[in-house]
Amino acid sequence: MNVTDIRNHFPILSEKLPGGQDLVYLDNAATSQRPNEVIDKYLQLSTRYNANIHRAVHYLAVEATDQYEKTREAVKDFIGAESAKEIIFTSGTTASINTVAYSYGEVFIGRGDNIIVSQAEHHSNIVPWQLLAERKGAEIRVLPVDDDGRLRIELLPGLIDKYTRLIAVCHISNVLGLVNPVKEIAEIAHKRGVHVLVDGAQGIVHENVNVKDLDCDFYVFSGHKMYAVPFTGVLYGKKEILDCMPPFLGGGEMIESVSLENGTTFAPLPGKFEAGTQNISGTPTLTAAIDLCKQLRDKEITDYQQQLAEYVMDALMSDERITLYGVPRGNISKIPLFSFTVKGAHHEDLALILDKMGIAVRSGQMCAEPLMDRFGVTGMVRASFAAYNTLEEARYFIKSLDRAIKMLV
């Protein structure tokens, strides 16, 4: 496959915008576009096998259940989990983190304990822990980033004490694009008996994730950022920890037995965390998305992406009007995600002008207000590239950004 082959999988990329421009979609960190394989799988489940799963014995229900559970196996293999029982389906990264924050928190977090989060986290990996801390009388501690956006790992041992229970950290920041040393963080944590949750919303797209190699206790991600449909997500957890956690939601299918006199016993993993009717048409699209992600690991494709990323990085870094956040140094790598500000130009004005040129970028706080405060800005512009973006699009983006800056400054 080359970039032209890839683009042929995504029907929206051949569409014209209302103004007649070609679409240059550079908001992939927020959500990726959907390929034909994913669209076809969703339509197949919606039109041919629409039935509730794990319940009835009729043909449609059996087929829908089979598609759903085959997806669990596909996810297990994709991330290198030990067992399919360690794969919990959710509505996305946010739901996965909230599930852990509630269920893990009920058992493992008490008054006086503390949880460490990094300064580079998305709100979804901050707020659930704050709510847990308020509920339990626990403390939130912060692992800061340096001026380049790198986590100050050397400070981590000093943040951990005998009351530290969990470290929550992103694999890759949705603002900085830097690949964090999560394996090293897990090693530091586990030597001190501390569990680790990794927000893999960006990592699952750009890294070859193997949870056993990373040795994280939880790894969470969303389907819609890796070409599947929205409202699909995964919570991976080590079985021995998940077994200790109570259910987050109660309802159908997460039970073993229900008695009005004797109470309820719960289903074994993964069932006890999947209450009620699941996303029966959406979740199986993860299988099609995973198949595509595997193809996108081809060396020709990754080399092309690297060339594109280096071009954009060099162009932004060499422009004195632009401040880029998330600069790779040493052994820290960076995905093709670029957040920046321009002195004298508001981030939203830049995004609006780029939109008129057919370029879709993100502007604002990127759901990372503490990180914005760290760098003393109210917001940034973010251009995030995917495997279907071309070098020609990258050049057009840089040229259009220059035009936009000249209009405003």
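With q set to 0.14, 0.18, 0.21 Å⁻¹, the log10 of I(q)/I(0) for segment 12-114, from the Debye formula over equal scatterers at the Cα positions, is -0.87, -1.10, -1.21. Each distinct pair of alpha carbons in segment 240-298 adds a 1/r term; the inverse of their mean, the Kirkwood radius, is 13.8 Å. For the chain, adding -39500 (n - 2.57) for each run of n ≥ 4 DSSP H residues and dividing by the number of residues yields -11000 deg cm²/dmol at 222 nm. When HIS171, HIS195 are compared by accessible area of protein heavy atoms, the largest-first order is HIS195, HIS171, using a 1.4 Å probe. When you count the other C-beta atoms within 10 angstrom of each residue and take the mean per peptide, 69-75, 54-60, 136-142 line up highest first as 69-75, 136-142, 54-60. Against the empirical 2.2 N^0.38 Å (N residues), the chain has a Cα radius of gyration ratio of 1.02. Taking each residue as 0.36 nm, the span from ASP314 to PHE375 lengthens on full extension beyond its C-alpha to C-alpha distance by 19.8 nm. Per residue, the Cα convex hull of segment 132-200 amounts to 100 Å³. Packing-based ranking of 9-16, 270-277, 395-402 yields 270-277, 395-402, 9-16, ordered from highest to lowest mean Cβ neighbour count within 10 Å.
Principal axis extents of the Cα atoms in segment 282-409, from largest to smallest and rounded to whole angstrom, are 45, 36, 31. Each residue, LEU260 and VAL409, gets one label point 7 Å from its Cα in the Cβ direction; the gap between the two is 7.1 nm. Working from the pairwise distances between different alpha carbons, so that the mean of 1/r is found and then inverted, what is segment 139-296's Kirkwood radius in Å? It is 17.7 Å. Full extension of the chain between TYR396 and LEU155 gives 82.6 nm of extra length, using 0.36 nm per residue less the Cα-Cα distance. Accessible surface of PHE108, taken over heavy atoms with a 1.4 Å probe and every protein chain present, rounds to 60 Å². Summarising the overall dimensions of segment 363-409 from its C-alpha atoms, the Rg and Dmax are 13.5, 35 angstrom. Pairs exceeding 31 Å between alpha-carbon atoms, taken from LYS76/LYS356; LYS294/LYS334; LYS41/LYS299: LYS76/LYS356. Secondary structure note: in segment 196-284, about 75% of the DSSP beta bridges are antiparallel.
A simple spin-label model places pseudo-atoms 7 Å from Cα toward Cβ; at ALA56 and ILE140 they are separated by 4.5 nm. Lysines within cross-link reach of LYS162: Cα-Cα under 18 Å, excluding same-chain residues under 8 positions apart? List returned: LYS136, LYS191.
The values are calculated or read from the model by the stated rules, or taken from the named source; none is laboratory data. Since this is a predicted model, take the numbers as computed values, not measurements. FYI the Cβ positions are ideal-geometry reconstructions off the backbone, even for glycines, and counts take in every protein chain you see. Side chains are part of the model used for accessible areas, which takes the heavy atoms of the whole protein and leaves out ligands, DNA and RNA. Shrake-Rupley method; radii C 1.70, N 1.55, O 1.52, S 1.80 Å.
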